[in-house]
Amino acid sequence: MSRRSFKVVFFMGKGGVGKTTCAAAFALGMSIRKRTLVVSLDPAHNLGDVFGMRLSDEPKRITDNLYAIEVDFEKMISKHLKSLTDKVKDIYGYLRVLNLDRYIDVLRHSPGIEEYATLDKMMEILKSNTKSGKYDVIVFDTPPTGLTLRIMALPSISAIWVEKLMKLREAILDRRRIIEEVTGEKIKAVVKGKEFEMPSDKEEDPIYKELIRMKKEIDFINSIIKDPKVSTIVLVVNPEVLPIFEAKRALEFLSKLGMNVRYVIVNKVFAISETTSLPKELITKLSREREALQLINNYFKDQVVIKIPLLYEEPKGLDKLTTFSRYLSKLINDAVV
Amino acid sequence: MKGKILKKTLRKVLSLAGNLLRAKSVEYIYVELRELENVFTLIVLGSFIGLPSPPTTISLRLLPYMAREIIISTSVSSRLSDMLAEMAGLFEVT
């Protein structure tokens, strides 16, 4: 199965705007026609609460065609760091570098580890589905905007660094090759009394090979998140000024990264037309809402805006989510095509 | 007999001179290589000394392969005060 034969939908927005509810309802609506997986990447999970089920790090069956995961962040960061420290142990075994486990706890607090571990998890899910073709649609319920934007920017930033490092490494390997050609022998280095021949070929150099591996991973994730035929980004806002400002900034940032935001969901709209009998506080609230909706019209001219009214009851549980998903029919129908 | 010894000696001298010239010709490239390796280490592991660095995972993933580069950086940093003398020696400035 090629990666283009499945779709990826990201739900983004400020904390508390209803991303998880929208993601869950969309996934439930999609699952009527497509095999769907919904993944919560938010460290403060509530996907399980919305479905009314206990979820874990492994896909749990919600309905016939719908599976859900709540990513275990502790486990994810430990796994990410374990693969790194295992490699250090393998290579430095001869140097008797012992008790590396002691440092794992320190490394988990390194800046950027959480973002990279989240990206790693996303990559793992996408790679696995590229191979297995198990799901037609993968829905990501993301952490609040700031963290999500850092995660989304990571492949682009990493691509710049990896490219520069590869060029520098090529210059190093070039010099080594010249020296070898002139002297007729490999450059040798002594590390802790042990002599090593220094590689001069790209195929032999472990650093260059690791850079190539990273480049492939970055290209893979970029080819998915930047392909509008594969990925759809949905911004969720409330009809309030601050979430809209934040969504606008997110839109600009994502555009710079080459990612298209196609939908904006305005969740919890009062939508009351008759205001004469309402208390003063509510009239003020409605007036602010109208201003906010006007802002949405101004800022998101190129996006499809979907308005969802404020419901009397919280949309929790499969029945209520199914009703809620009707508001997302435009998004669901477009994603099915 | 004398001719044979002379021929052997001459061959030795020429080989020695050849090696010397070869060593001399790559001397600059050796220094350039060492500095490039040093720059590579500084870029990858610069965060440890407060320099801007790549995303942490890139550094951590390359770290296991960089034993030699770290040794070079350490030796370069320990001789930093003497670098001018080394450069002068390299370019035969007396």
Residues of segment B:48-62 classified as facing chain A (nearest Cβ under 7 Å) and part of a helix (DSSP H, G or I), total: 6
Hits in segment A:192-204 (condition: facing chain B (nearest Cβ under 8 Å) and either of a type outside the set (F, W, Y) or touching a Phe, Trp or Tyr at 6+ places or on another chain (Cβ under 7 Å) (or both)): A:M198
Residue within segment A:135-146 that is facing chain B (nearest Cβ under 10 Å) and within 30 Å of A:K248 (Cβ to Cβ) present: no
Test set (1) buried (at least 19 other Cβ atoms within 10 Å of the Cβ); (2) within 26 Å of A:D334 (Cα to Cα) - A:F73 fails condition number: (2)
Selected residue [at the interface with chain B (Cβ under 7 Å from one of its Cβ atoms) and outside any helix (DSSP H, G or I)] from A:A189, A:A171: A:A189
Failed criterion for A:T130 (all others in (1) assigned to a strand (DSSP E or B); (2) more than 14 Å from every other protein chain (Cβ to nearest Cβ) hold): (1)
B:V44 at pLDDT 80 or above, within 9 Å of chain A (Cβ to nearest Cβ), over 30 Å from A:I160 (Cβ atoms) and not in a loop (DSSP other than H, G, I, E, B): no
Count - residues of segment A:1-56 that are modelled with pLDDT of 90 or more, among the small types (G, A, S), in a helix (DSSP H, G or I) and closer than 20 Å to A:N260 by Cβ: 1
Search result, residues across segment B:2-24 that are closer than 19 Å to A:E185 by Cβ and either within 14 Å of another protein chain (Cβ to nearest Cβ) or at pLDDT 85 or above (or both): B:S15, B:L16, B:G18, B:N19, B:L20, B:L21, B:R22, B:A23, B:K24
Residue check, A:L328 under 30 Å from A:K229 (Cα atoms), touching a residue at least 60 places away in the same chain (Cβ under 8 Å), surrounded by 13 or more Cβ atoms within 10 Å (Cβ to Cβ) and touching a Cys at 6+ places or on another chain (Cβ under 9 Å): yes
Residue ID - farthest from A:S158 (Cα to Cα), chosen from residues in segment A:182-218 that are acidic (D, E) and in contact (Cβ under 8 Å) with a residue 12 or more places away in the chain: A:D201
Candidate set from segment A:56-82 (those that are within 15 Å of A:S110 (Cβ to Cβ) and of a type outside the set (A, V, I, L, M, F, W, C)); member that is farthest from the other protein chains (Cβ to nearest Cβ): A:S78
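The values are calculated or read from the model by the stated rules, or taken from the named source; none is laboratory data. All of these numbers come straight from a predicted model, not from anything done at the bench. Cβ coordinates were reconstructed from backbone atoms using ideal geometry, including for glycine residues, and neighbour counts include every protein chain displayed.
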